[in-house]
Amino acid sequence: MVLAECAIVAALAMVAWHLIAGQPSAHFSPVPAASPPAQAQTAVPASDPLGAQAESRSRSLLPGLSVDPSFWQRRLADLNRGENAFEQIEWRLVHSAMGAAARYVKSVVMPALAGAERSSR
């Protein structure tokens, strides 16, 4: 019975793999590549060459991973800033815990051990 179930699961996995691998990747894109609405196309005046260039560039890029280096520089700088802040908080937390443990050992554990040593003699 277990072998039959394993065979059925393997067959279903192979069918699913065949269906996924056989399809072109455009069918599985998260956002379909549709042309912008007609109003957005007419909103840019013809006398503005920079606006037309930006519009043609934005239409040529498909949704997905951005390849613009300035985009990644900004995102990574934000990420590094956030990670640095987190590391500073973590550093303060660890040092506070270490200081508290050292104070506890000096003020509670050591006097208790010294008292136990004196009473055992």
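Of all the numbered requirements in (1) at positive phi; (2) at pLDDT below 65, Gly64 misses one, and that requirement is (2). Going residue by residue through segment 63-74, is there one that turns out to be out of contact with any strand residue (DSSP E or B) (no Cβ under 9 Å at 6 or more places or on another chain), in contact (Cβ under 8 Å) with a residue 24 or more places away in the chain and not in a helix (DSSP H, G or I)? Checked against the condition, which is being out of contact with any strand residue (DSSP E or B) (no Cβ under 9 Å at 6 or more places or on another chain), in contact (Cβ under 8 Å) with a residue 24 or more places away in the chain and not in a helix (DSSP H, G or I), segment 63-74 yields at least one hit.
Consider Ser96 carefully, then state whether it is surrounded by 10 or more Cβ atoms within 10 Å (Cβ to Cβ), at pLDDT 60 or above and among the hydroxyl-bearing types (Ser, Thr, Tyr). So Ser96 passes the test.
The values are calculated or read from the model by the stated rules, or taken from the named source; none is laboratory data. Everything numeric here is computed off the predicted structure, so don't read it as measured data. Neighbour counts are summed over all protein chains in view; Cβ atoms, including those assigned to glycine, are modelled from backbone coordinates with ideal geometry.
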